[in-house]
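Some notes on the structure that comes next.
The values are calculated or read from the model by the stated rules, or taken from the named source; none is laboratory data. Note that the structure is a prediction, hence the values are computed from the model and not measured. Note: ideal-geometry Cβ built from the backbone for every residue, glycine included; neighbour counts use all protein chains shown. Ligands, DNA and RNA are excluded from the accessible area calculation, which covers all protein heavy atoms including side chains. Shrake-Rupley method; radii C 1.70, N 1.55, O 1.52, S 1.80 Å.
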Amino acid sequence: MRSSGTSAILAALAASTMIFGIGAASAQEAVKGGVLRILATGEPDHIDPMAGAMVNTNNLARAISRQLISYEASNDPEVAMRAVGDLAVEVPQPTDNGLTYTFKLRPNVMWNAPSGPRAMVAADMERGIKKMCNPQLQPATLSYFTGLISGFAEFCDGFAKVEPTAPAIKKYIEENSVPGISAPDDQTIVIKLKERAGDFIYMLSLQNAAPAPVEALDFVPDSPEYRANYVSVGPYTIGEYTPDTLLRLVRNPAWNAESDPLRKAYVDEIEITMGLQADAIMQQLQSGDADIAYDINVPTAILSTLAAQGDEKLTALSAGNTNFITINTQSNNNNGALKDLRVRQALQYAVDKSAIVQQWGGSTVAEPVHGIFGVGLLGHHKFDLYPSTDSKGDPEKAKALLAEAGFPDGITLKMPYRNKDLEVATAATIQASMARAGIKLELTPVTAADYYSKYLTSEANIKDGTWDIAPVGWTPDWVGGAARSVFQPQFMFDGTHQKYNYADYNNPKANEVAAQAINATTPEETAKLWAQVDEIVMGDAPVVPLIANKNPRYRSEAVKNYQTYALGVEGDWTNVWLER
Amino acid sequence: MSETAVEETDVVQRGALDLTLRRLRRDRASMMALGIIVCVILLAVLAPWIATLTGHSPIEQFRETGMTPAGIPVGPNAEFWLGTDQLGRDVLVRLAYGARISLLVGVLASLAASLVAIVVGLTAGYFGGLVDIILSRVIDLVMSVPFLLCALALVSALGPSILLSVAVIVFFSWAPMARVIRGQVISLSRQEFVQASRALGAGPLSIMVVDILPNLAVPIIVYTTMQIPSSIVFEATLSFLGMGIVPPTPSWGGMLADASSNSLYLIAWWMVFVPGLALLMTTLAFNILGDGLRDALDPKSSRMARNLKRQKKAASKP
């Protein structure tokens with residue numbers, strides 16, 4: 001569960017795919033070989049797939065590891081978001097009233113072990129899941145698994161007491177088992193859940209749930225030694241690695257194409273060069289000196305030029321994320337005005353969402369949203385409880401609601417904003433549109449690094465009313481049926497304060513429908529129930545939804561067969577080929 | 001200058017001020033600099049008038065006429081003479097209002113810094129001993145603190161505002177001037193007129209203010225003038241980093257920051273050129289004027305001396 005700044009994408013999911021122009025690449029003859037040159041501003045957050053948290057790290061994990069379940073790379077959103085078997089032969093139907101999942105593993109999948117190729121077995125998968133709750137380094141998505149897999153939480157509690165050294169971690173993993181995970185034979189793994197969960201399959205597509213070879217336990221997770229002795233099951237493995245400078249992926253000799261229906265692995269090498277500025281990266285992509293960017297969106301200014309030229313190498317991909325204004329209902333400023341539903345509704349009417357869309361680069365890269373779920377999520381549907389023409393807002397209605405609530409002369413609110421890229425302009429846009437309705441915003445710039453971690457999530461800041469409203473962003477953790485990863489962390493309060501449910505919003509009715517939605521088995525029913533949750537929540541107006549933005553991507557002329565890998569929000573490295 | 005310079009000529013007797021102005025007027029660079037400063041002041045004073053003339057307020061966003069549907073600012077045209085910025089606001093109007101901020105912060109901070117410098121420098125230089133040691137170490141301390149790091153930390157802790165910007169700038173700019181004044185005061189306080197004053201029963205405060213201070217006029221005027229451009233640049237730096245003047249209030253540094261965000265400068269040259277040129281010309285003008293003032297106020301200063309020597313040489317040659 002991660003909150004994301006609008007430009008810094010943290011969690012993973014891709015939904016609708018918007019293409020400015022699709023090259024006829026797929027009709028051409030595939031070319032093998034060459035070096036795929038990728039440019040990055042910084043390091044991957046982790047190399048051990050067990051720990052990766054950033055969206056773009058999924059692309060790396062796609063090349064050097066595999067999951068039980070994954071997605072086909074495709075520019076057709078339907079295909080790109082459909083869960084298919086990766087290490088598993090197929091996506092199984094749960095038995096035992098939706099509580100037991102039995103996966104048949106693909107034969108002939110090989111580890112590139114130091115002693116020579118070795119077959120991957122069910123025990124490796126089990127080890128990979130167990131490794132997630134090691135005391136040294138845990139993935140952000142761990143709580144999804146501990147909350148669902150039977151006995152996993154207890155296993156992790158015991159693990160927490162273990163010394164964070166490689167021998168101790170190895171000993172605990174090898175000597176203890178999780179009651180809910182069993183391997184009746186080398187090709188079968190059975191996972192038992194505590195409660196039904198229609199989205200469990202998607203969780204297994206996360207890079208964090210990758211299998212782990214026995215050699216991985218010889219090192220502390222994601223330590224320099226681990227990275228130097230990486231054992232891969234994917235089509236590529238680590239060839240050369242200099243932190244902050246270069247990561248070169250070479251072919252994994254143990255991998256064979258027949259065992260992997262999702263990755264074609266056309267290029268011979270993938271070379272990631274780090275430490276570059278966004279402008280420099282764009283220039284090299286345009287000149288053809290490099291092929292793909294690792295961690296930047298195309299800057300707005302360049303975007304408009306490329307779009308105007310109709311450059312077909314420009315693609316805008318959605319990560320299912322939304323940007324919205326969160327409202328601090330605990331603030332006692334203005335006599336606790338924000339506790340009043342009418343004031344919160346006034347905010348909904350005051351904002352000009354079309355102006356923010358324009359600020360982000362126009363309708364090709366962003367669209368206004370009116371609910372809590374982003375485009376592409378099961379549960380996202382077109383509705384607007386606070387409608388206005390072209391989503392430009394309705395200042396008059398906002399004024400009327402404010403007057404009704406006892407603020408005929410308007411109101412003054414404190415709004416911090418993240419002092420980074422487009423978010424500065426977004427804050428100024430919100431300020432101008434709120435001013436039309438007599439809502440005066442006092443802006444406070446906060447440094448990007450502190451915005452979420454220190455400023456917004458500080459309970460003292462929330463209680464003292466240091467901020468009244470704040471523009472924030474959220475990206476769901478996986479694809480399609482990911483409504484849970486939007487709702488649970490942000491809109492549910494069970495007595496324990498959750499970091500990103502800033503003001504402890506809770507609605508028992510919404511929770512009840514959400515529980516039904518999680519238990520629902522068909523996508524149609526799931527979508528319908530989450531749509532209800534969306535409308536219930538928006539009735540309380542705890543947030544002002546602004547826009548769902550897409551992530552503009554650019555590639556060089558040489559890159560062909562650019563098919564989107566949904567979790568990575570980028571063309572799949574393992575399926576592109578190069579024509580220089 | 002306490003003594004009246006008397007020139008033994010046929011008719012005119014000129015005062016110090018008159019002479020200074022005459023010398024200044026002869027310096028063409030200084031006069032041009034003064035012209036530019038007057039223009040900037042006019043721009044600042046006339047800002048509301050420019051807003052009325054164009055019909056654009058500095059914070060109004062013209063989303064229909066000032067921006068393309070894809071959010072790109074429009075260049076200079078009949079409606080927006082100097083183009084618009086990334087929010088569809090009129091750059092000309094913002095430039096004029098930004099001049100107010102720059103001048104306000106520049107002049108205010110420089111005056112305040114000078115005041116602090118005068119008080120500290122006088123006290124340290126006049127009293128000497130332990131007082132001098134303590135104050136001098138404080139000066140050293142302030143001069144050794146990294147400006148940007150500290151300023152950013154302070155602003156992030158306290159929240160940005162004009163007043164805080166001024167305070168930060170004052171804190172980091174009084175020290176060099178204080179050191180110069182201290183040196184001058186030490187040499188002045190040993191001179192006979194000070195001893196005479198003391199013999200006549202004048203107290204320390206009276207000696208400092210009545211006798212010594214007027215002799216410091218030259219360094220004070222010159223340093224204050226030279227401080228103005230640095231203060232303007234300090235403010236622009238803070239605003240550029242998003243930690244100075246709070247948006248949407250326009251400031252030149254903030255306008256430059258707007259241009260650099262999201263690579264807008266690549267397609268909207270006016271967003272860099274206009275505030276950048278204004279900043280450059282203003283600081284340059286203040287610096288040149290400061291130089292000119294020093295030369296005019298103090299004929300013994302290096303440049304004047306050089307000129308005189310050259311004249312003498314030229315005269316003695318034939």
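Could you go through the stretch A:477-493 and let me know if any residue there is under 23 Å from the mean Cα position of the chain (by Cα), charged (D, E, K, R) and open to solvent by 10 Å² or more (accessible area, probe 1.4 Å). Walk me through it before giving the result.
Step one: filter the stretch A:477-493 for residues under 23 Å from the mean Cα position of the chain (by Cα), giving A:477-493.
Checking which are charged (D, E, K, R) leaves us with A:477, A:484.
The next check asks that each one be open to solvent by 10 Å² or more (accessible area, probe 1.4 Å); those that pass are A:484.
Yes, because at least one residue in the stretch A:477-493 is under 23 Å from the mean Cα position of the chain (by Cα), charged (D, E, K, R) and open to solvent by 10 Å² or more (accessible area, probe 1.4 Å).
Tell me, yes or no, whether the stretch A:449-457 has at least one residue that is open to solvent by less than 30 Å² (accessible area, probe 1.4 Å), in contact with a Gly (Cβ under 9 Å, 6 or more places away or on another chain), touching a residue at least 12 places away in the same chain (Cβ under 8 Å) and within 30 Å of residue B:256 (Cα to Cα). Show your work before the answer.
So in the stretch A:449-457, the residues open to solvent by less than 30 Å² (accessible area, probe 1.4 Å) come out as A:451-452, A:456-457.
Next cut, in contact with a Gly (Cβ under 9 Å, 6 or more places away or on another chain) only: A:451-452.
Subsequent filtering for residues that are touching a residue at least 12 places away in the same chain (Cβ under 8 Å) retains A:451-452.
With the extra rule that they be within 30 Å of residue B:256 (Cα to Cα), the set shrinks to A:451-452.
Among the residues of the stretch A:449-457, at least one is open to solvent by less than 30 Å² (accessible area, probe 1.4 Å), in contact with a Gly (Cβ under 9 Å, 6 or more places away or on another chain), touching a residue at least 12 places away in the same chain (Cβ under 8 Å) and within 30 Å of residue B:256 (Cα to Cα), which makes the answer yes.
Out of A:412, A:444, I need the residue that is under 31 Å from the mean Cα position of the chain (by Cα) and of a type in the set (Val, Ile, Thr). Which one?
Unique residue meeting the criteria: A:444.
For the stretch A:339-368, enumerate the residues that are assigned to a helix (DSSP H, G or I), more than 14 Å from chain B (Cβ to nearest Cβ) and surrounded by fewer than 24 Cβ atoms within 10 Å (Cβ to Cβ).
If we filter the stretch A:339-368 for residues that are assigned to a helix (DSSP H, G or I), which is where we start, we get A:339, A:341-350, A:353-359.
Now drop any that are not more than 14 Å from chain B (Cβ to nearest Cβ), which leaves A:339, A:341-350.
Once the filter is applied, which keeps residues that are assigned to a helix (DSSP H, G or I), more than 14 Å from chain B (Cβ to nearest Cβ) and surrounded by fewer than 24 Cβ atoms within 10 Å (Cβ to Cβ), the stretch A:339-368 yields A:339, A:341, A:342, A:344, A:345, A:349.
Go through the stretch A:387-409 residue by residue and tally those that are closer than 15 Å to residue A:325 by Cβ and either more than 28 Å from the chain's Cα centre (by Cα) or among the acidic types (Asp, Glu) (or both). Steps first, please.
From the stretch A:387-409, those closer than 15 Å to residue A:325 by Cβ are A:391, A:393, A:398; that's our starting set.
Of the ones still in play, those that are also either more than 28 Å from the chain's Cα centre (by Cα) or among the acidic types (Asp, Glu) (or both) are A:393, A:398.
Total meeting the criteria: 2.
Do we find that residue A:169 is farther than 25 Å from residue A:478 by Cβ, open to solvent by less than 10 Å² (accessible area, probe 1.4 Å) and out of contact with any His (no Cβ under 8 Å at 6 or more places or on another chain) in this structure? If you could, list the steps in order and put the result at the bottom.
Details: farther than 25 Å from residue A:478 by Cβ: yes; open to solvent by less than 10 Å² (accessible area, probe 1.4 Å): yes; out of contact with any His (no Cβ under 8 Å at 6 or more places or on another chain): yes.
Yes, satisfied.
In the stretch B:177-197, how many are in a helix (DSSP H, G or I) and closer than 17 Å to residue B:132 by Cβ? Talk me through it step by step, then tell me what you get.
Of all residues in the stretch B:177-197, those in a helix (DSSP H, G or I) come to B:177-188, B:192-197.
From what's left, closer than 17 Å to residue B:132 by Cβ: B:177-188, B:194.
So the count comes out to 13.
Scan A:199, A:222, A:295, A:260 and give me the residue that is touching an Asp or Glu at 6+ places or on another chain (Cβ under 6 Å), buried (at least 16 other Cβ atoms within 10 Å of the Cβ) and either closer than 30 Å to residue A:145 by Cα or at pLDDT below 90 (or both). Steps first, answer last, please.
Working: A:199 fails: touching an Asp or Glu at 6+ places or on another chain (Cβ under 6 Å); A:295 fails: touching an Asp or Glu at 6+ places or on another chain (Cβ under 6 Å); A:260 fails: touching an Asp or Glu at 6+ places or on another chain (Cβ under 6 Å).
One residue alone meets the criteria, A:222.
Among the residues of the stretch A:400-423 satisfying the criterion of being closer than 21 Å to residue A:450 by Cβ and touching an Asp or Glu at 6+ places or on another chain (Cβ under 8 Å), which is farthest from the other protein chains (Cβ to nearest Cβ)?
Of everything passing the filter in the stretch A:400-423, A:413 is farthest from the other protein chains (Cβ to nearest Cβ).
It is to be established whether one or more residues within the stretch A:524-545 are open to solvent by less than 40 Å² (accessible area, probe 1.4 Å) and under 26 Å from residue A:307 (Cβ atoms).
There is at least one residue in the stretch A:524-545 that is open to solvent by less than 40 Å² (accessible area, probe 1.4 Å) and under 26 Å from residue A:307 (Cβ atoms).
Here is a check on your reading of the model: is residue A:329 hydroxyl-bearing (Ser, Thr, Tyr), surrounded by 15 or more Cβ atoms within 10 Å (Cβ to Cβ) and assigned by TED's automatic domain parsing to the domain that holds residue A:413? Before the answer, list the steps.
Details: hydroxyl-bearing (Ser, Thr, Tyr): yes; surrounded by 15 or more Cβ atoms within 10 Å (Cβ to Cβ): yes; assigned by TED's automatic domain parsing to the domain that holds residue A:413: yes.
Yes.
Working only within the stretch A:204-214, note down all residues that are closer than 30 Å to residue A:530 by Cβ and either assigned to a loop (DSSP other than H, G, I, E, B) or not assigned by TED's automatic domain parsing to the domain that holds residue A:152 (or both). Show your work before the answer.
Filtering the stretch A:204-214 down to residues closer than 30 Å to residue A:530 by Cβ leaves A:204-210.
Those that are closer than 30 Å to residue A:530 by Cβ and either assigned to a loop (DSSP other than H, G, I, E, B) or not assigned by TED's automatic domain parsing to the domain that holds residue A:152 (or both): A:204, A:205, A:206, A:210.
If only one of B:260, B:231, B:239, B:197 is within 25 Å of residue A:431 (Cβ to Cβ), open to solvent by less than 30 Å² (accessible area, probe 1.4 Å) and polar (S, T, N, Q), which one is it? Don't jump to the end; show me each part of the working.
Values: B:260 fails: open to solvent by less than 30 Å² (accessible area, probe 1.4 Å); B:231 fails: within 25 Å of residue A:431 (Cβ to Cβ); B:197 fails: within 25 Å of residue A:431 (Cβ to Cβ).
Result: B:239 is the single residue among B:260, B:231, B:239, B:197 that is within 25 Å of residue A:431 (Cβ to Cβ), open to solvent by less than 30 Å² (accessible area, probe 1.4 Å) and polar (S, T, N, Q).
Here are some residues: B:74, B:91, B:105. Which one is closer than 14 Å to residue B:270 by Cα and open to solvent by less than 20 Å² (accessible area, probe 1.4 Å)?
On the way: B:74 fails: open to solvent by less than 20 Å² (accessible area, probe 1.4 Å); B:105 fails: closer than 14 Å to residue B:270 by Cα.
None of the other options fit; the residue is B:91.
One residue is enough: does the stretch B:79-90 have a residue meeting the conditions among the basic types (Lys, Arg), modelled with pLDDT of 90 or more and under 30 Å from residue A:361 (Cβ atoms)? Walk me through how you get there before you give the answer.
Kept after step one, since they are among the basic types (Lys, Arg), are these residues of the stretch B:79-90: B:89.
Keeping just the survivors that are modelled with pLDDT of 90 or more gives B:89.
Checking which are under 30 Å from residue A:361 (Cβ atoms) leaves us with B:89.
Yes: one or more hits.
Give the residues of the stretch A:294-325 that are under 18 Å from the mean Cα position of the chain (by Cα) and either more than 30 Å from residue A:481 (Cβ to Cβ) or within 14 Å of chain B (Cβ to nearest Cβ) (or both), sorted by residue number. Give the steps one after another, and end with the answer.
Of the stretch A:294-325, the ones under 18 Å from the mean Cα position of the chain (by Cα) are A:294-297, A:316-324.
Correct list: A:296, A:297, A:316.
Condition check ((1) open to solvent by 10 Å² or more (accessible area, probe 1.4 Å); (2) part of a strand (DSSP E or B); (3) at pLDDT below 95) across all residues:
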residue: A:75; (1), (2), (3): yes, no, yes
residue: A:84; (1), (2), (3): yes, yes, yes
residue: A:90; (1), (2), (3): yes, no, yes
residue: A:93; (1), (2), (3): yes, no, yes
residue: A:97; (1), (2), (3): yes, no, yes
residue: A:104; (1), (2), (3): yes, yes, no
residue: A:108; (1), (2), (3): yes, no, yes
residue: A:115; (1), (2), (3): yes, no, yes
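Yes or no, residue by residue, for (1) over 27 Å from residue A:530 (Cα atoms); (2) of a type in the set (Ser, Thr, Tyr):
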position: A:142; (1), (2): no, no
position: A:163; (1), (2): yes, no
position: A:186; (1), (2): yes, no
position: A:192; (1), (2): no, no
position: A:199; (1), (2): no, no
position: A:202; (1), (2): no, yes
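Within 24 Å of the chain's Cα centre (by Cα), over 30 Å from residue A:501 (Cα atoms) and outside the structural domain of residue A:351 (by TED's automatic domain parsing): is that true of residue A:264 in this structure? Show your work before the answer.
Details: within 24 Å of the chain's Cα centre (by Cα): no; over 30 Å from residue A:501 (Cα atoms): yes; outside the structural domain of residue A:351 (by TED's automatic domain parsing): yes.
It is false that residue A:264 is within 24 Å of the chain's Cα centre (by Cα), over 30 Å from residue A:501 (Cα atoms) and outside the structural domain of residue A:351 (by TED's automatic domain parsing).
Examine the stretch B:166-175 for a residue that is within 20 Å of residue B:217 (Cβ to Cβ) and crowded, with 20+ Cβ neighbours inside 10 Å, and state whether such a residue exists. Walk me through it before giving the result.
Taking the stretch B:166-175 as the starting set, the residues that turn out to be within 20 Å of residue B:217 (Cβ to Cβ) are B:173-174.
Pick out the ones that are also crowded, with 20+ Cβ neighbours inside 10 Å and you get B:173-174.
Checked against the condition, which is being within 20 Å of residue B:217 (Cβ to Cβ) and crowded, with 20+ Cβ neighbours inside 10 Å, the stretch B:166-175 yields at least one hit.
Regarding residue A:383, is this residue surrounded by fewer than 16 Cβ atoms within 10 Å (Cβ to Cβ), more than 14 Å from chain B (Cβ to nearest Cβ), touching a residue at least 24 places away in the same chain (Cβ under 8 Å) and not small (Gly, Ala, Ser)? Before you say what the answer is, go through the steps one by one.
Details: surrounded by fewer than 16 Cβ atoms within 10 Å (Cβ to Cβ): yes; more than 14 Å from chain B (Cβ to nearest Cβ): yes; touching a residue at least 24 places away in the same chain (Cβ under 8 Å): yes; not small (Gly, Ala, Ser): yes.
Yes: the conditions hold for residue A:383.
For the stretch A:428-445, which residues satisfy the criterion of being within 7 Å of chain B (Cβ to nearest Cβ) and either touching a Cys at 6+ places or on another chain (Cβ under 6 Å) or in contact (Cβ under 8 Å) with a residue 60 or more places away in the chain (or both)?
Within the stretch A:428-445, the first condition is being within 7 Å of chain B (Cβ to nearest Cβ), and the residues that meet it are A:428-429, A:431-432, A:443-445.
Of everything in the stretch A:428-445, those that are within 7 Å of chain B (Cβ to nearest Cβ) and either touching a Cys at 6+ places or on another chain (Cβ under 6 Å) or in contact (Cβ under 8 Å) with a residue 60 or more places away in the chain (or both) turn out to be A:429, A:432.
Which of the following residues is of a type in the set (Gly, Ala, Ser) and touching an Asp or Glu at 6+ places or on another chain (Cβ under 6 Å): B:109, B:124, B:113? Even if it seems obvious, please write down each step before you answer.
On the way: B:109 fails: touching an Asp or Glu at 6+ places or on another chain (Cβ under 6 Å); B:113 fails: touching an Asp or Glu at 6+ places or on another chain (Cβ under 6 Å).
Only one candidate qualifies: B:124.
Can you find a residue that is more than 14 Å from every other protein chain (Cβ to nearest Cβ), of a type outside the set (D, E, K, R) and open to solvent by less than 30 Å² (accessible area, probe 1.4 Å) anywhere in the stretch A:276-287?
no
Being more than 10 Å from chain A (Cβ to nearest Cβ) and aromatic (Phe, Trp, Tyr) is the filter here, so list the residues in the stretch B:256-273 that pass it.
Within the stretch B:256-273, B:269, B:270, B:273 qualify.
Residues checked against (1) within 11 Å of chain A (Cβ to nearest Cβ); (2) assigned to a loop (DSSP other than H, G, I, E, B); (3) surrounded by 15 or more Cβ atoms within 10 Å (Cβ to Cβ):
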| site | (1), (2), (3) |
| --- | --- |
| B:37 | no, no, yes |
| B:44 | no, no, yes |
| B:56 | no, yes, yes |
| B:62 | yes, yes, yes |
| B:70 | yes, yes, yes |
| B:78 | no, yes, no |
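Based on this model, can you work out whether residue B:88 counts as within 14 Å of chain A (Cβ to nearest Cβ) and either hydroxyl-bearing (Ser, Thr, Tyr) or at positive phi (or both)?
On the way: within 14 Å of chain A (Cβ to nearest Cβ): yes; either hydroxyl-bearing (Ser, Thr, Tyr) or at positive phi (or both): yes.
Against the criterion (within 14 Å of chain A (Cβ to nearest Cβ) and either hydroxyl-bearing (Ser, Thr, Tyr) or at positive phi (or both)), residue B:88 qualifies.
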